[in-house]
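Worksheet: one structure, shown below.
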Amino acid sequence: MNKNLREIEKYAEMYNIPIMQKSGINFLTKYIRENNVRNILEIGCAIGYSAIQMALVNDKVKVTTIERDNERYLQALKNIKEFDLEKRITLISGDALDIELEDKYDLIFIDAAKAQYIKFFQKYSKNLKKNGVIVSDNLDFHGLVNQEEHIESKNLRQLVDKIRDYIDFLKSNTEFTTKFYKVGDGISVSTKNE
Ligand code: SAM
């Protein structure tokens, strides 16, 4: 291994690429370790930071991850190679809403365009194994979800409304039970009801 995670964090900071907060990724990797998660689907790879961290939990973990931005996709390929994880991380280039996957996963991690979260959840819940979970990040959206009155930009307010819609969708979903955690930027874990 000739690259370290700190270098990816620095690159993300330098080029303004959103990656998971430390406490969020620690929560996710702890969940993977404690629940013996093996097969993961990630929607929103960016430059591979969270995919690499998840794959590093142990050598049984396999990650499939999707990224639609070509520059980030290429950087992620490079990072995955530098960690020697090409055999355990499959990177797919494209829009997650256009891609069809047959495989089933223990954990599906949604960390892509916030306005599309309901669509990602509806599209990919068929790819969840029995007893699998769907984890979503950014449900606090930098603290803005509970402080809408302070948002002046119309676009930002619309985005925050979409996240609120997603939270309502999760709370009222009768097929899944969702727990919300105030870690990182706000994480939810949705489990399919028996
Ligand atoms: N999970 C990454 C990490 O923590 O290292 C960060 C992902 S970043 C927050 C979100 C990424 O999702 C962006 O790079 C964006 O290009 C990608 N994205 C957004 N919508 C997408 C879509 N519909 N399909 C695939 N990728 C998407």
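In the stretch 48-79, how many residues are more than 9 Å from the ligand (Cβ to nearest atom) and either open to solvent by less than 10 Å² (accessible area, probe 1.4 Å) or part of a loop (DSSP other than H, G, I, E, B) (or both)?
The total comes to 10.
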| Count of the stretch 32-47 residues which are free of Cβ contacts under 8 Å to residues at least 40 places away in the same chain and not in a loop (DSSP other than H, G, I, E, B) | 2
| Residues that are part of a loop (DSSP other than H, G, I, E, B), modelled with pLDDT of 95 or more and not charged (D, E, K, R), drawn from the stretch 80-114 | Phe83, Leu85, Gly94, Ala96, Leu97, Ile99, Leu101, Ala112
| request: Taking Tyr11 as the residue in question, decide whether it is free of Cβ contacts under 8 Å to residues at least 60 places away in the same chain, of a type in the set (Phe, Trp, Tyr), out of contact with any Leu (no Cβ under 7 Å at 6 or more places or on another chain) and surrounded by fewer than 19 Cβ atoms within 10 Å (Cβ to Cβ). | output: no
| task | Output the number of residues of the stretch 133-166 satisfying the condition of being of a type outside the set (A, V, I, L, M) and touching a Ser or Thr at 6+ places or on another chain (Cβ under 8 Å). | result | 2
| Say we look at the stretch 14-25 and pick out the residues that are within 12 Å of the ligand (Cβ to nearest atom) and in a helix (DSSP H, G or I); which of these is most open to solvent (accessible area, probe 1.4 Å)? | Lys22
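The values are calculated or read from the model by the stated rules, or taken from the named source; none is laboratory data. Remember, it's a predicted structure, so these values are computed and weren't measured experimentally. Note that each Cβ is placed from the backbone with ideal geometry, even for glycine, and that neighbours are counted across all protein chains shown. The area values use the complete protein model at the heavy-atom level, side chains included, leaving out ligands, DNA and RNA. Shrake-Rupley method; radii C 1.70, N 1.55, O 1.52, S 1.80 Å.
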